[in-house]
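Novice: Take a look at the following structure, please.
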Amino acid sequence: MKMKAIQFYEPLNIKYEEVEIKDPKDGEVQVKIMAALTCGTDVKTYRRGHPVLIKKIPSGFGHEFSGIITKVGKNVVGFKVGDRVVAANSAPCGECFFCKRGEYNLCEKLEFLNGAYAEYINVPQAIVKRNLLHLPDDLSFERAAFAEPLANVVHGVEKTGIKAGQTVGVVGLGPIGLMFVKLAKLKGAKVIAAGRNPLKLKMAKEFGDADEIVDLNKYKNPEKIFLNFSEGKKGLDVAVECVGLPEIWESMFTYVRRGGTVHLFGGCKQGTSISIDTRRLHYDEIKVLSIFHHTPLYFREALRLIYEEKLPVEKLITETVPLELAEEGLIKHMNGRALKVLIKP
């Protein structure tokens, strides 16, 4: 039996073709994909490959999805054919050094899943056991597919400790940055959203409910803007970077007050580095953190927030394309002409 799928061959070379549908192995389930989303990580992979997600050539592509179970392998407990589900794109082993310390996102054997731009996908045993969730009947597949990206942001917000009364600045207003804006608002913070893309700046208000919008195209010295918007003009309590460029990482330290927190969330290209003013870091007691990925706890929390309609995630879908036009959707996402593209197999 065959299916249609997007296959990755090399950077900037993906193909829509027919591939074999493999039966699920022991502990696995097969899911008919009902909704898949483009993601910044997929765009990066499309542009330059990925050392972890692309393990062989050709490779399946895409990782944010939801769907219906069509086959169940042996020894699967708690799931059956016909179940509506959403899967995370990874699962921790639960047994390594980091898992034993509750740092599941740093698992030494973190198993990733790629291949959501297809008609069907087989979900590995580890994900079935730890990160495959049932969907309520009244939750759409499109909304449910946001559980994985939102889980990353929930993790970031919780570890940052954002709370009511703080002034938070978010630089970079892709879907991740916009979800940071919205979650910070839900925590009771005053939020300043900064970016360059007109579509994203507009969504910072409509989706994120930001208190202030900063168009970085208009300012050579944006640190003055952040200072002016902050309480007592002392600087931000929290500055969150959601771009993933070293020069933007460096600029974040100029936006925070003494005792403030810099959260470097956007992942930079491997091998890059930054320079930090050590005097400022030490004597102004700047706290720095960088959160990677998600955990089973935050994946479940993300799905809860979506189901309870705390975030209108559907507003982030600005384009819908059939599976055969997935590359067109990725290019629109990459060029800033779309936030999230919904791919319908």
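Novice: Which residue pairs have Cβ atoms closer than 9 Å, lie 6 or more positions apart in sequence or on different chains, and pair a first residue in the range 287-303 that is farther than 17 Å from Lys129 by Cα with a second residue that is part of a helix (DSSP H, G or I) and among the hydroxyl-bearing types (Ser, Thr, Tyr)?
Specialist: Leu289/Thr160; Ile291/Thr160; His293/Tyr104
Novice: Before we move on, is Gly188 assigned to a loop (DSSP other than H, G, I, E, B) and at pLDDT 95 or above?
Specialist: Yes, satisfied.
Novice: Considering only the range 72-119, state which residues are of a type in the set (Phe, Trp, Tyr) and within 19 Å of Gly62 (Cα to Cα). Spell out the reasoning first.
Specialist: Keep residues of the range 72-119 that are of a type in the set (Phe, Trp, Tyr), which gives 79, 97-98, 104, 112, 117.
If the condition is that a residue be of a type in the set (Phe, Trp, Tyr) and within 19 Å of Gly62 (Cα to Cα), then Phe112, Tyr117 are the ones that fit.
Novice: Just checking, how many residues over the range 63-107 are among the aliphatic types (A, V, I, L, M) and under 14 Å from Pro296 (Cα atoms)? So that I can check it myself, show each step before the final result.
Specialist: So the first thing to find is which residues in the range 63-107 are among the aliphatic types (A, V, I, L, M), and the list is 68-69, 72, 76-77, 81, 85-88, 91, 106.
Adding the requirement that they be under 14 Å from Pro296 (Cα atoms) leaves 86-88, 91, 106.
Number satisfying all stated conditions: 5.
Novice: List, please: which pairs have Cβ atoms under 7 Å, are six or more places apart or on different chains, and start with a residue in the range 304-332 that is free of Cβ contacts under 8 Å to residues at least 40 places away in the same chain and end with one that is part of a helix (DSSP H, G or I)?
Specialist: If the second residue must be part of a helix (DSSP H, G or I), the pairs left are Glu319/Gly329; Glu319/Lys332; Val321/Glu328; Val321/Gly329.
Novice: Take the conditions surrounded by fewer than 17 Cβ atoms within 10 Å (Cβ to Cβ) and either touching a His at 6+ places or on another chain (Cβ under 8 Å) or in the same structural domain as Gly169 (by TED's automatic domain parsing) (or both) and apply them to Glu241. Does it pass? Steps first, please.
Specialist: On the way: surrounded by fewer than 17 Cβ atoms within 10 Å (Cβ to Cβ): no; either touching a His at 6+ places or on another chain (Cβ under 8 Å) or in the same structural domain as Gly169 (by TED's automatic domain parsing) (or both): yes.
No, not satisfied.
Novice: Considering Val214, Val157, which residue is part of a helix (DSSP H, G or I), more than 17 Å from Pro312 (Cα to Cα) and either without any contact (Cβ under 8 Å) to a residue 40 or more places away in the chain or touching a helix residue (DSSP H, G or I) at 6+ places or on another chain (Cβ under 8 Å) (or both)?
Specialist: Working: Val214 fails: part of a helix (DSSP H, G or I).
Of Val214, Val157, the one residue that is part of a helix (DSSP H, G or I), more than 17 Å from Pro312 (Cα to Cα) and either without any contact (Cβ under 8 Å) to a residue 40 or more places away in the chain or touching a helix residue (DSSP H, G or I) at 6+ places or on another chain (Cβ under 8 Å) (or both) is Val157.
Novice: I'm trying to understand the selection: among the residues of the range 110-141, which are out of contact with any strand residue (DSSP E or B) (no Cβ under 6 Å at 6 or more places or on another chain) and either modelled with pLDDT under 95 or assigned to a helix (DSSP H, G or I) (or both)?
Specialist: Residues satisfying the conditions are Gln125, Lys129.
Novice: Mind listing whichever residues of the range 160-177 are in a strand (DSSP E or B) and not β-branched (Val, Ile, Thr)?
Specialist: The initial filter retains those residues of the range 160-177 that are in a strand (DSSP E or B), namely 167-171.
Hit for the range 160-177 is Gly169, nothing else.
Novice: Something else now. Can you tell me which residue in the range 76-105 is nearest to Lys32 (Cα to Cα), limited to those that are small (Gly, Ala, Ser) and in a strand (DSSP E or B)?
Specialist: Residue satisfying both the conditions and the ranking: Ala87.
Novice: Considering Lys202, Lys182, Lys224, which residue is in a helix (DSSP H, G or I), touching a Leu at 6+ places or on another chain (Cβ under 7 Å) and assigned by TED's automatic domain parsing to the domain that holds Asp284?
Specialist: Answer to the check: Lys182.
Novice: Can I ask one more? Identify all residues within the range 260-282 that are in contact (Cβ under 8 Å) with a residue 60 or more places away in the chain and within 25 Å of Asp211 (Cα to Cα); write none if there are none.
Specialist: Scanning the range 260-282 gives Thr261, His263, Phe265, Gly266.
Novice: Here is a further query. It is to be established whether one or more residues within the range 260-273 are buried (at least 17 other Cβ atoms within 10 Å of the Cβ), hydroxyl-bearing (Ser, Thr, Tyr) and at pLDDT 95 or above. Step through it out loud before you land on a result.
Specialist: Filtering the range 260-273 for residues buried (at least 17 other Cβ atoms within 10 Å of the Cβ) gives 260-266, 268.
Going one step further and asking which of them are hydroxyl-bearing (Ser, Thr, Tyr), we end up with 261.
Then drop every residue that is not at pLDDT 95 or above, which leaves 261.
Yes: one or more hits.
Novice: Can I ask one more? What are the residues in the range 65-83 that are touching a Leu at 6+ places or on another chain (Cβ under 9 Å) and either surrounded by fewer than 11 Cβ atoms within 10 Å (Cβ to Cβ) or free of Cβ contacts under 8 Å to residues at least 12 places away in the same chain (or both), if any?
Specialist: Gly78, the sole residue that qualifies.
Novice: Restricting the first residue to the range 243-259 and requiring it to be touching a residue at least 12 places away in the same chain (Cβ under 8 Å), which pairs with a second residue that is of a type in the set (Lys, Arg) and not in a helix (DSSP H, G or I) meet a Cβ separation below 6 Å and a spacing of at least six or different chains?
Specialist: Arg257/Lys234
The values are calculated or read from the model by the stated rules, or taken from the named source; none is laboratory data. For clarity, every value in this text was computed on a predicted model and none was experimentally measured. Every residue, glycine as well, gets a Cβ built from its backbone with ideal geometry; the counts of neighbours run over all protein chains shown.
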